[in-house]
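Taken together, the values in this text are just the output of simple stated rules run on the coordinates, not laboratory data. Remember, predicted model here, so these are calculated numbers, not experimental data. Using ideal geometry, Cβ is built from the backbone for each residue, glycine included, and neighbour counts are taken over all protein chains shown.
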Amino acid sequence: MSLNSIDRKKEILKLLDSKGKVNTKELVKRLEVSSETIRRYLEELENENKLKKVYGGAIKINYGVIEPEHIKRNNTNLDKKHSIAKYAAKFVNDNESIIIDEGTTNLQIVDYIISVNNLKIITNSYPVLSKLISYENQGLFDGEVIFIGGKVNLKHQRTACPMSIDTMKNLYVDKAFISSEGILDSFGISSIDQNKALLSKEYIKNSKESFVLCDSSKIGIASMYKIADLEELDFVICDVEPPNEWKDKLNEINITWIEAK
């Protein structure tokens with residue numbers, strides 16, 4: 001197939017329109033160009049808001065996925081949250097087990113990992129579960145999902161109670177992606193909800209690596225219930241660098257702070 005770059009990108013969008021997703025390897029073969037060229041095309045099309053890049057390819061934007069109403073309303077710093085989630089998704093590999101905590105930033109991770117092979121996901125978030133079900137129904141996700149049960153917080157569409165915490169004590173994963181209402185060098189990460197804090201503690205305890213996802217609005221804030229000290233964490237992914245006065249401590253405790261760009 002002999003096409004110029006404009007025609008190739010049109011062909012990609014045509015395939016997306018008919019299939020809902022495209023695979024990088026298939027595009028390389030179909031369009032007879034390198035994988036680097038395909039990735040550049042996908043990045044350009046994503047910048048034009050015509051698709052969303054995911055692991056191994058791309059999907060149509062909002063392809064049949066309905067956001068819960070409370071997620072739609074809570075759209076502050078949404079661009080920052082997407083950048084953080086997209087960067088976090090780079091750490092998810094084939095054949096891994098992961099935890100996706102509740103929260104609007106964590107919810108965005110789902111869009112970027114649905115093409116990861118043989119993925120096992122644990123969550124207490126109904127919006128995360130709902131999005132995964134929607135992708136599975138369209139043939140875009142074929143991993144395994146464990147939903148942490150218990151008493152449902154209807155307002156926030158999540159479970160976090162003694163039953164949820166007991167369930168998590170019997171599970172172990174490769175990576176946990178944690179949300180937080182605040183992060184402070186002297187207090188760590190924290191939540192306004194006690195049961196949420198206790199469940200997140202178990203997430204961190206029962207994972208090989210823990211990632212805290214937070215935008216810059218959470219820096220310098222301490223909520224009532226501590227989740228963990230910074231020493232207990234492996235990574236913080238944020239939209240900005242840490243405050244200068246925190247950097248010495250972060251180096252001492254060997255935590256990696258990543259500025260998602």
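One table, with the values for the structure above:
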| item | result |
| --- | --- |
| q = 0.11, 0.16, 0.19, 0.20 Å⁻¹, the range 74-198: log10 I(q)/I(0) [Debye, one scatterer per Cα] | -0.37, -0.81, -1.15, -1.27 |
| For residue 258, distant residues with modelled amide H under 5 Å away | 236, 237, 238 |
| Cα-based Kirkwood hydrodynamic radius, the range 76-129, one decimal, Å | 11.3 Å |
| Amide hydrogen neighbours beyond the local backbone of residue 146, cut-off 5 Å, H modeled | 121, 122, 123 |
| FRET efficiency for residue 14 and residue 94, using Cβ-Cβ distance with R0 set to 30 Å, rounded to 0.05 | 0.60 |
| Percentage relative contact order, the range 5-59, counting C-alpha pairs under 8 Å, at least six apart | 36 percent |
| Extension gain, residue 37 back to residue 258 (0.36 nm per residue minus Cα-Cα distance, nm) | 76.8 nm |
| Label point distance in nm, residue 142-residue 28, each placed 7 Å from Cα along Cα→Cβ | 2.0 nm |
| Nearest 10 degrees, 0 to 90: helix 78-89 Cα axis against the chain principal axis | 80 degrees |
| Radius 11 Å from Cβ of residue 141, net charge of other residues (Lys, Arg +1; Asp, Glu -1) | -2 |
| Cβ-Cβ FRET estimate between residue 251 and residue 7, R0 fixed at 41 Å, reported to 0.05 | 0.20 |
| Separation of the residue 78 and residue 172 label points, Cα + 7 Å toward Cβ, nm | 4.1 nm |
| Residue-averaged 222 nm ellipticity for the chain, from DSSP H runs of 4+ at -39500 (n - 2.57), nearest 500 | -11500 deg cm²/dmol |
| Which labelled figure in (i) 53, 50, 34; (ii) 61, 41, 34; (iii) 66, 59, 39 is Cα extents along the principal axes in Å, once derived from the coordinates | (ii) |
| Trypsin sites (Lys or Arg not before Pro) lying in DSSP loop within the range 76-118, provided at most 14 other Cβ fall within 10 Å | 90 |
| Rounded to 10°, Cα long-axis angle of helix 5-19 versus longest principal axis of the chain | 70 degrees |
| The range 69-259: relative contact order as a whole-number percent, Cα under 8 Å and 6+ apart | 19 percent |
